[in-house]
Amino acid sequence: MQNAFKSDEEVVIYSDTREAASSIASMLARKCTVREKQLHVADYQLSERMGAERKTTQDFISSIMDGRLFRQLHELKAEFELPILIVEGQSLFDTEVAIHPNAIRGAVAAAVADIRVGMIWTKNPSETADMLFALAKREQVAEKQGIAIRGKARFLSENQQQEFVVAGLPKISTLKAKALLKHFGTPEGVFTASEEALRQVPGIGEGIARAVRRLLERKYEKSILED
């Protein structure tokens, strides 16, 4: 990998191409060098060891509900020594989505304590841009950490791969995936478990068990996008 860090005072931030519409890249361009790339993991790479994922509060809540959050954070942690999650917008507890506050608190606690991802809250895109620049400047100027674009993701352990497979089931977060794997021993044990057996696992209620079995038993239909 060619190091893109040029001098002691230059700050370079890689921005994922999907973030181009957020206006943050243009705000950052007024402060430092911004290079748009399709990043494998993270929305912004701030140094060789630091990557940041950005979510609006609405997206953060939605990602808890559909199980994306923990998969994304595990991937971020696997790729970067210092993973950062920036949550932008109104309070997490003021959104219109119906989700119990304890579910939000549990997700935040798991992100920080279990996955070891640093979380930062900002009010708007302008604050997000300021925070990204401050982090990148500290990394690249104060800490002398270069920035090189990452190619392939790091290999995940077999345990993590098993968790990702099980967490792909409907309404199954990484935490629930771990509980299922501990209970049944293997992904195969999870996939072949009956609805009644699934309900015996703490945190897996009747609705989740039914949704899992429905998906696993449903006949695959050819996508309209396929030839």
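The values are calculated or read from the model by the stated rules, or taken from the named source; none is laboratory data. Keep in mind that what you see is a predicted model, and the values were worked out from it rather than measured. Note: ideal-geometry Cβ built from the backbone for every residue, glycine included; neighbour counts use all protein chains shown.
For every residue, the table says whether it meets (1) surrounded by 18 or more Cβ atoms within 10 Å (Cβ to Cβ); (2) of a type in the set (Lys, Arg); (3) under 21 Å from residue 136 (Cα atoms); (4) at pLDDT 90 or above.
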position: 37; (1), (2), (3), (4): no, yes, yes, no
position: 87; (1), (2), (3), (4): yes, no, yes, yes
position: 92; (1), (2), (3), (4): yes, no, no, no
position: 109; (1), (2), (3), (4): no, no, no, yes
> When the residues of the range 11-24 are filtered to those that are modelled with pLDDT of 90 or more, out of contact with any helix residue (DSSP H, G or I) (no Cβ under 6 Å at 6 or more places or on another chain) and not hydroxyl-bearing (Ser, Thr, Tyr), which remaining residue is farthest from residue 83 (Cα to Cα)?
Replying inline: 12
> Residues in the range 97-105: is at least one touching a residue at least 40 places away in the same chain (Cβ under 8 Å) and closer than 23 Å to residue 15 by Cα?
Replying inline: no
> Any idea which residue in the range 44-85 is modelled with the lowest pLDDT, counting only those that are surrounded by fewer than 22 Cβ atoms within 10 Å (Cβ to Cβ) and assigned to a loop (DSSP other than H, G, I, E, B)?
Replying inline: 67
> Does residue 225 meet the test of being among the aliphatic types (A, V, I, L, M), at pLDDT 85 or above and either in contact with a Phe, Trp or Tyr (Cβ under 9 Å, 6 or more places away or on another chain) or in a loop (DSSP other than H, G, I, E, B) (or both)?
Replying inline: no
> Any idea which of (1) over 28 Å from residue 170 (Cα atoms); (2) assigned to a helix (DSSP H, G or I) is the one residue 19 doesn't satisfy?
Replying inline: (1)
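Please specify each residue of the range 97-138 satisfying the condition of being in a loop (DSSP other than H, G, I, E, B), of a type in the set (D, E, K, R) and within 28 Å of residue 177 (Cβ to Cβ).
The answer is 116, and nothing else.
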